[in-house]
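Here's the structure, in structure tokens; my notes come after.
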Amino acid sequence: MTTHYSEHPPPAHLAPYVECLWTLETSDPISSYPVLPDGCVDIIFSPRRSGPEAQVVGTMTHTRRFSFFAGQFDCGVRFRPGMSYGFLRLPGTEIADRSLPLADIWKTAAKDLNARLQDVESASECVHLIANALRVLPEHGVVQRVSTAIVARSGQVRVDELAFDAGMSARQLRRLFLEQTGLTPKHLARVIRFRESVSRLGQAKRGDWAQVALDCGYYDQAHFINEFRELSGYRPAEYSALSR
């Protein structure tokens with residue numbers, strides 16, 4: 001299969017909230033394209049699908065697989081972990097592992113955006129239209145500050161310490177996280193640690209997963225392999241072979 005995936009920095013005012021603007025173009029049909037969990041929520045648009053409209057793809061607890069037809073291109077805005085709630089105002093538990101029409105959330109504003117997206121002629125134009133719709137910037141709350149700390153430490157955190165720093169109990173923090181992200185702080189930390197391990201696979205010598213496990217804070221190589229397989233559906237060696 002031939003795919004071209006690219007990421008672009010968001011406008012400066014969105015940088016605290018948005019990780020990237022991205023595009024994905026395919027020249028051949030794909031029946032099962034794997035997307036690994038990354039702790040993020042995306043707004044995406046597929047201009048060449050029948051009856052296209054923007055969708056929200058919630059945080060994922062496991063790898064999801066998507067199909068593409070030949071000549072399709074998708075474009076999207078990827079929020080940083082924990083940052084989508086202020087823009088969507090939808091409980092994270094309602095979108096975790098799901099895709100929903102943006103119109104179900106933004107109503108008229110989404111219908112107006114969908115109308116403008118119908119006329120796009122390029123992937124870059126598409127993502128900038130979506131980014132421009134994110135006009136009202138929310139304030140950072142507890143979940144956003146703690147999510148930033150989890151990412152900054154590559155998921156190697158203790159939830160009780162995060163709660164103490166936030167001035168609340170671990171139970172209170174867990175409730176807030178589930179409400180806004182669909183994941184508990186512990187689960188988000190697992191996903192972020194896994195995401196860091198994926199980025200390190202390409203740098204590791206083939207089969208040398210012990211160093212990756214150590215760098216990413218896993219107990220040992222066996223723990224790393226089991227966590228990787230649970231979140232991705234692949235053993236590290238299998239995924240490394242696919243991505244090379």
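Out of 180, 156, which single residue is among the polar types (S, T, N, Q), in contact (Cβ under 8 Å) with a residue 60 or more places away in the chain, assigned to a loop (DSSP other than H, G, I, E, B) and over 25 Å from residue 7 (Cα atoms)?
Values: 180 fails: assigned to a loop (DSSP other than H, G, I, E, B).
Result of the check over 180, 156: 156.
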Note to self: Taking the criterion of being farther than 26 Å from residue 234 by Cα and surrounded by fewer than 14 Cβ atoms within 10 Å (Cβ to Cβ), would at least one residue in region 52-66 satisfy it?
What the structure shows: no
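Is it the case, given these coordinates, that residue 166 is outside the structural domain of residue 18 (by TED's automatic domain parsing), over 21 Å from residue 196 (Cα atoms) and either surrounded by 15 or more Cβ atoms within 10 Å (Cβ to Cβ) or aliphatic (A, V, I, L, M) (or both)?
The answer is yes for residue 166.
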Item checked: Residue satisfying all of: in region 64-110; part of a strand (DSSP E or B) and aliphatic (A, V, I, L, M); nearest to residue 8 (Cα to Cα) among these -> 77
Notebook entry, point to check: Would you say residue 188 is under 23 Å from residue 142 (Cα atoms) and surrounded by 16 or more Cβ atoms within 10 Å (Cβ to Cβ)?
Noted result: yes
Margin query: When you scan region 133-152, do you find a residue that is without any contact (Cβ under 8 Å) to a residue 24 or more places away in the chain, farther than 16 Å from residue 83 by Cβ and not hydroxyl-bearing (Ser, Thr, Tyr), even just one?
Written below: no
Item checked: Subset of region 31-48 (residues that are of a type outside the set (S, T, N, Q) and either more than 23 Å from residue 117 (Cβ to Cβ) or crowded, with 18+ Cβ neighbours inside 10 Å (or both)) -> 34, 36, 37, 38, 39, 40, 41, 42, 43, 44, 45, 47
Check: Which condition does residue 6 not pass, out of (1) among the small types (Gly, Ala, Ser); (2) surrounded by fewer than 16 Cβ atoms within 10 Å (Cβ to Cβ); (3) touching a residue at least 12 places away in the same chain (Cβ under 8 Å); (4) out of contact with any Phe, Trp or Tyr (no Cβ under 9 Å at 6 or more places or on another chain), if it passes all the others?
Finding: (4)
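Just checking, how many residues over region 70-103 are in contact with an Asp or Glu (Cβ under 9 Å, 6 or more places away or on another chain) and closer than 21 Å to residue 127 by Cα?
20
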Margin query: Can you pull out every residue in region 159-177 that is part of a helix (DSSP H, G or I) and polar (S, T, N, Q)?
Written below: 172
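The values are calculated or read from the model by the stated rules, or taken from the named source; none is laboratory data. Just so we're clear, the structure is a prediction, and the values are computed from it rather than from any experiment. Cβ: placed from backbone, ideal geometry, glycine included. Neighbour counts: every protein chain shown.
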